[in-house]
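Every number here is computed from the coordinates shown, using simple stated rules; none is lab data. Values in this document were obtained by computation on a predicted structure and should not be read as measured data. Cβ coordinates were reconstructed from backbone atoms using ideal geometry, including for glycine residues, and neighbour counts include every protein chain displayed.
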Amino acid sequence: MSGTVGVIICAAGKGFRAGFEKNKLLVPLQGERVLKKTLSAFDYPAVSQIVVTASQADIQEITELCRTFPRTRVVLGGETRTQSVYNGLRALNTDIVLIHDGARPFVTKKTIDGCIQSVISYGSGVCAVDCLDTIAVCADGCIQSVPNRNSLQQIQTPQGFLRETITLAYEKAFQDGAHTFTDDSSVYAAYVGAPRLCAGARENIKLTYAEDFDKTPRCGFGVDTHAFGKQQDYILLAGVKIPSDSGLIAHSDGDVLVHALMDALLSAAGLKDIGFYFPDSSPKWKDANSMEMLKQVLSLLDERGYQTQNVSIAVQAEKPRLAKYIDEMKIRLAQALRIDPTAVGITAGTNEGLGYVGEGKGITVNAYVLLQRK
């Protein structure tokens with residue numbers, strides 16, 4: 001079989017757990033409101049109709065948002081998700097319906113198409129992924145039992161059904177006075193039969209709490225330069241002592257690589273530069289160990305909930321030759337950043353005799369980092 005496909009996007013909730021002053025679906029995410037991102041995921045030829053359920057408080061704003069999606073109409077939701085979905089079902093006239101949480105904006109066309117195909121083949125399609133954590137049944141603060149994890153699935157949306165079948169199931173639910181199902185597969189299971197599972201996706205997360213809205217990776221760039229001229233026979237890069245004709249002039253120990261990295265980390269987190277936190281006018285930082293300074297920067301990031309994903313560093317130096325020290329430098333940085341050494345990239349090159357680097361007067365380091373919310 002095949003048929004026309006309609007979508008119900010549930011957007012009538014209040015999202016109290018997110019702690020926002022308004023419906024969380026109307027809050028910006030990566031420069032665009034959540035509901036718009038969700039609508040965009042379903043705005044392609046396989047879908048002929050989209051119905052968005054909205055609360056009375058939000059219906060005007062949601063209607064305005066939906067104007068750029070011509071196949072979309074907005075209907076008034078209900079006090080519960082079950083009531084809202086039922087209102088949406090009555091507004092559709094397609095053969096197949098997919099029901100989706102408006103708070104899952106990262107759903108992909110692959111997941112949507114898989115759900116549709118499951119309905120065509122089996123009459124239903126409920127997106128799910130394997131349960132990776134141990135799940136316990138609890139009461140009064142104690143674990144009562146632990147089901148076998150291999151038999152558990154995490155249920156997502158979209159959930160697809162033949163429209164007439166799921167509509168009849170909802171009608172029976174209302175006849176029984178059952179208005180508080182948490183999802184549509186539960187309604188289907190109660191009044192039709194066992195729904196068919198189809199492939200969900202790990203990235204298809206539901207935005208529930210405020211911190212869920214700030215998981216976008218943050219990149220940062222840092223650059224630093226130090227001149228040769230210090231009376232010593234080595235330089236420090238990533239805490240590694242490297243033989244050299246002279247050292248690098250600096251207020252601290254002159255680890256130009258770590259200084260560039262610190263600026264990149266601070267920049268990614270939206271903080272001030274290393275000159276603010278470690279001013280060269282302060283005796284405290286005279287000859288300071290840059291790797292210890294890096295630990296303090298990482299503490300600042302930790303307080304704000306950021307962790308390093310990877311770093312990429314380019315060292316420009318005519319001298320000394322660095323190739324045989326790079327592996328040790330990567331290991332030192334990986335240990336400090338608490339990441340795998342494969343997530344640390346360090347390259348070294350010359351300036352082909354051009355400029356102050358090419359003339360052997362100094363070293364410049366460029367550092368790029370990627371941060372992620374914990």
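Running a GNM on the chain with Cα contacts under 10 Å, which residue among Thr350, Thr157, Thr134 ends up with the highest mean-square fluctuation?
Looking only at Thr350, Thr157, Thr134, the largest GNM fluctuation is found for Thr134.
How high is the relative contact order of the stretch 218-373, in percent, with contacts defined as C-alpha pairs under 8 Å that are six or more residues apart?
Worked out over the stretch 218-373, it gives 33 percent.
For Val7, Val74, what ranking results if the residue with the fewest other Cβ atoms within 10 Å of its Cβ goes first?
In increasing order of surrounding Cβ atoms, one gets Val74, Val7.
So if I take the centroid of the Cα atoms in the stretch 312-374 and the same for the stretch 78-149, what is the distance between those two points in Å?
One Cα centre to the other: 47 Å.
Rounded if a/c is under 1.5, else prolate if a/b beats b/c, else oblate: with a ≥ b ≥ c from the C-alpha gyration tensor eigenvalues square-rooted, which is the stretch 5-214?
The shape class here is rounded.
Tell me the mean residue ellipticity at 222 nm calculated for the chain from its helices only (DSSP H runs of n ≥ 4, each -39500 (n - 2.57), averaged over every residue, nearest 500).
Using -39500 (n - 2.57) per qualifying helix, the result is -8500 deg cm²/dmol.
Would you work out if the stretch 81-125 is rounded, prolate or oblate? Take a ≥ b ≥ c from the square roots of the eigenvalues of the alpha-carbon gyration tensor; rounded if a/c is under 1.5, else prolate when a/b is larger than b/c, oblate otherwise.
Verdict is oblate for the stretch 81-125.
Hey, which aspartates and glutamates would be in cross-link range of Lys319, C-alpha to C-alpha under 14 Å, not counting anything within fewer than 8 residues on its own chain?
Result set, ordered by chain and number: Asp233, Asp245, Glu352, Glu359.
Which residue fluctuates most in the GNM of the chain (Cα springs below 10 Å): Ser246, Ser145, Ser312?
Highest fluctuation among the options: Ser145.
Take the Cα coordinates of the stretch 218-373, assign each an equal point scatterer, and use the Debye formula without solvent to give log10 I(q)/I(0) at q = 0.09, 0.15, 0.17, 0.19 Å⁻¹.
With one equal scatterer per Cα and no solvent, log10 I(q)/I(0) is -0.26, -0.73, -0.95, -1.18.
Looking at the stretch 246-366 only, what percent of DSSP beta bridges run antiparallel? Nearest 5 please.
Among the beta bridges of the stretch 246-366, antiparallel pairing accounts for roughly 35 percent.
Checking the table Lys286/Lys324; Lys22/Lys109; Lys272/Lys324; Lys24/Lys109 against a 26 Å threshold on Cα-Cα, which pairs fail?
Beyond 26 Å between Cα atoms: Lys286/Lys324; Lys22/Lys109; Lys272/Lys324.
In straight Cα distance, which lysines are under 20 Å from Lys374, not counting same-chain residues fewer than 8 positions off?
Straight-line reach from Lys374, under 20 Å: Lys206, Lys215, Lys295.
Hey, fewest Cβ within 10 Å first, where do Cys138, Cys127, Cys10 land in order?
If I rank by nearby Cβ atoms, fewest first, I get Cys138, Cys10, Cys127.
Tell me the net charge near Arg149. Cut-off is 15 Å between Cβ atoms, Arg149 excluded, with +1 for each Lys or Arg and -1 for each Asp or Glu.
-2
Counting DSSP beta bridges in the chain, what percent are antiparallel, to the nearest 5?
Counting only bridges with both partners in the chain, antiparallel ones make up about 60 percent.
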